[in-house]
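K.L.:
Shown below is the structure under consideration.
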Amino acid sequence: MVRKSERLKLVGKKEKCPGWKKALRFLSRLALVFLLLILLRYGESFFRIKEVSVNGAQDLTESEIITAAGIEINDSIFLLSSQKVAGKIRAACPQVDSVEFERILPDKVEITVAERTPVAFVMTADGYWEMDRNAVCFACRAEPAERYPLIAGINGEMVVPGIPLRCRERREVLINFFAVWNGEEKIMIEQIDLYDSYNMILQTETGMEIWLGDGRGMEEKLLLIRETLPYIEAGAETRLDVRTGSRLVVSGNALLMEEEEVNN
């Protein structure tokens, strides 16, 4: 059994730290404290915002975005929260899809925004709402732009600026549709009817009706439509039904042309 005195002998004595090392440590700590005092005294005025730049704005102006962000000249650059700035901009400007915030020391901040791109107009009692491909409405207009299809059958209570439509079925069918359809000339859509949330009906510029059903298998449904359109007589009252997703039913006064007629 090892006695306590023997254990102490095994451990041995610690070497004393040289005096110059102690002095060096003391001076280093003193310099750090001095530097912190300088930063507290002068950094407050040095790191204050003198310039705010905005990139990516299209319909919105730079001043609108800066005002929405709540940033003012001479604000402390370190007290700004990037998440809070982005949240304020999105809340005040629903047409903004994404926000990036960057500090450029010592006195500049840069805001980069991406605005939503409209793909259709939603008709409500309040007016015509611009909607992006994620079913987010963001700006109300007195009149719709001609180059976009109109969406009917959406209750105004479902529309909240800056967030997706408050109807899961309609929201999903619109998102699935616009993920596939990009405004191609083969299917020139004038109106989208969603009075029945489980049956999207397209009204084309030529008066044709296209029944798509719900949002499932949208890519296959539109492919069937594209392949069939060249064989349908132009100007005839026609209904194309692809609700099953696997086959297409043609009804109305349309005449289906032979392949030779299409090629000619």
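Every number here is computed from the coordinates shown, using simple stated rules; none is lab data. Not measured: the values here are computed from a predicted model. Glycine gets a Cβ as well: all are built from the backbone with ideal geometry, and neighbour counts include every protein chain shown.
K.L.:
What is region 48-115's relative contact order, in percent, from Cα pairs under 8 angstrom and six or more apart in sequence?
P.N.:
Normalised by residue count, the contact order of region 48-115 is 44 percent.
K.L.:
Please compute the length gained on full extension between residue 182 and residue 98, using 0.36 nm multiplied by the number of residues separating them and subtracting their Cα-Cα distance.
P.N.:
28.1 nm
K.L.:
Separation between the residue 244 and residue 61 pseudo-spin-labels, each 7 Å from Cα along Cα→Cβ, expressed in nm?
P.N.:
5.8 nm
K.L.:
What ranking do 80, 105 get, fewest neighbouring Cβ atoms within 10 angstrom at the top?
P.N.:
Fewest-to-most ranking of 80, 105: 105, 80.
K.L.:
Separate question: Below 8 Å, C-alpha to C-alpha, sequence gap of six or more: please give me the relative contact order for region 120-263 in percent.
P.N.:
Computed over region 120-263, the figure is 16 percent.
K.L.:
Find how much the distance from residue 26 to residue 209 grows on full extension, using 0.36 nm per residue of separation minus their present alpha carbon separation; answer in nm with one decimal.
P.N.:
Value of the extension gain: 57.4 nm.
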